[in-house]
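The values are calculated or read from the model by the stated rules, or taken from the named source; none is laboratory data. Note that the coordinates shown come from a computational prediction; the quantities given were computed from them, not determined experimentally. Cβ sites come from the backbone with ideal geometry, for glycine too, and all protein chains shown count toward neighbours.
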Amino acid sequence: MRATCVVVALAAAVGLAASLAHAAPRRAAPAKPVSLELFGGYSYTKAGEASLHGLGLSGSYPLGATLRLVVDLSGHDGSFAGADLGQLGLMAGARWSPSSGRFRPFAEGLLGGVRTSVSVDVAGARISDADSDWGLALGGGMDYRLKGRWSLRSLVHLRLLHGEGAWDTDPRFAIGAVFRLGR
C-alpha cells in the first residue's frame, strides 16, 4: 500500500509539473528588425504638353510580408511656351510586392496632392499663379537587388489629378537607388 501511495504521489507530481510547464508563458521569438526602405532618384513627368524633370524621394514601412506603407515626395520643374513651371507632389498609399528575390516587381496605389506653379515674365513684371490639386497615382516598377542593403529601382506612375472641375492624367517615370535600413 505504501509503495502504491508513493507511485501515485510521484505520478501526480510529474503531472502537475508538466501542466505548469505547459501553462508557463513561452518566450517570444526575437523580433525581426524593421526593414525601412528609402528611395532617391531622377524623376520625369509630362504635365499637359510640358516635360518636367526633377527628383523623387520615398520611404516605405513594412505592414506584412508583401505589403508596405509608402510616402512619396516628388518635385519637378521646367518651361513651356515661355512660362516656368513647377510641380511638387506628396502622396501616400500601399505597395504590394509578391516576391523577395533579386528581381522584385511591385504595384502601388497612392493618394495625395500636387501643387503646380506657373510664372511668366510680361513687360518686365513677373506674374505667378499656383494651384493645389488632389489625386491618385497608380503604377508599379521593379527593384533589382545589389549587394548588401542597396537596390536599383525603376517605377512608372499614372497620376490622375483633379482640379478646377477637370481630371488631368500625368505619366511619371523615376529611376534611382534604394537603401534598406534593418535586415
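When G48 is tested against the conditions (1) touching a Lys or Arg at 6+ places or on another chain (Cβ under 7 Å); (2) in contact (Cβ under 8 Å) with a residue 40 or more places away in the chain, the lone failure is (1). Being over 13 Å from A174 (Cβ atoms) and either β-branched (V, I, T) or out of contact with any Lys or Arg (no Cβ under 6 Å at 6 or more places or on another chain) (or both) is a description that does not apply to G75. Summed over segment 121-150, residues that are over 28 Å from G165 (Cα atoms) and either of a type in the set (D, E) or in contact with a Leu (Cβ under 9 Å, 6 or more places away or on another chain) (or both) total 7. With respect to the stated conditions, A81 is at pLDDT below 95 and either under 19 Å from the mean Cα position of the chain (by Cα) or of a type in the set (A, V, I, L, M, F, W, C) (or both).
If you filter segment 156-171 down to residues that are in contact (Cβ under 8 Å) with a residue 40 or more places away in the chain and closer than 18 Å to L55 by Cα, you find that the one that is surrounded by the fewest Cβ atoms within 10 Å (Cβ to Cβ) is P171.
Of the residues S74, S58, the single one that is of a type in the set (S, T, Y), at pLDDT 95 or above and under 30 Å from D121 (Cβ atoms) is S74.
Among the residues of segment 99-120, the ones that are over 21 Å from W167 (Cα atoms), surrounded by 12 or more Cβ atoms within 10 Å (Cβ to Cβ) and not charged (D, E, K, R) come to 5 in all. Counting the residues of segment 172-183 that are surrounded by 14 or more Cβ atoms within 10 Å (Cβ to Cβ) and either within 28 Å of R115 (Cα to Cα) or touching a His at 6+ places or on another chain (Cβ under 8 Å) (or both) gives 6. Between A137, A125, the distinction of being small (G, A, S) and farther than 19 Å from A92 by Cα belongs to A125 only. In segment 120-131, the residues that are over 11 Å from D84 (Cα atoms) reach residues that are at pLDDT 90 or above with C-beta atoms within less than 6 angstrom, at least six apart or across chains, in these pairs: A130/S117; D131/T116. Scan segment 132-154 for residues that are assigned to a strand (DSSP E or B), among the aliphatic types (A, V, I, L, M) and either closer than 16 Å to L52 by Cβ or without any contact (Cβ under 8 Å) to a residue 12 or more places away in the chain (or both) and jot them down. Result: A137, single match.
Conditions (1) basic (K, R); (2) part of a strand (DSSP E or B); (3) over 16 Å from the mean Cα position of the chain (by Cα), marked per residue:
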{"site": "G89", "(1), (2), (3)": "no, yes, no"}
{"site": "S100", "(1), (2), (3)": "no, no, no"}
{"site": "R104", "(1), (2), (3)": "yes, yes, no"}
{"site": "L110", "(1), (2), (3)": "no, yes, no"}
{"site": "R115", "(1), (2), (3)": "yes, yes, yes"}
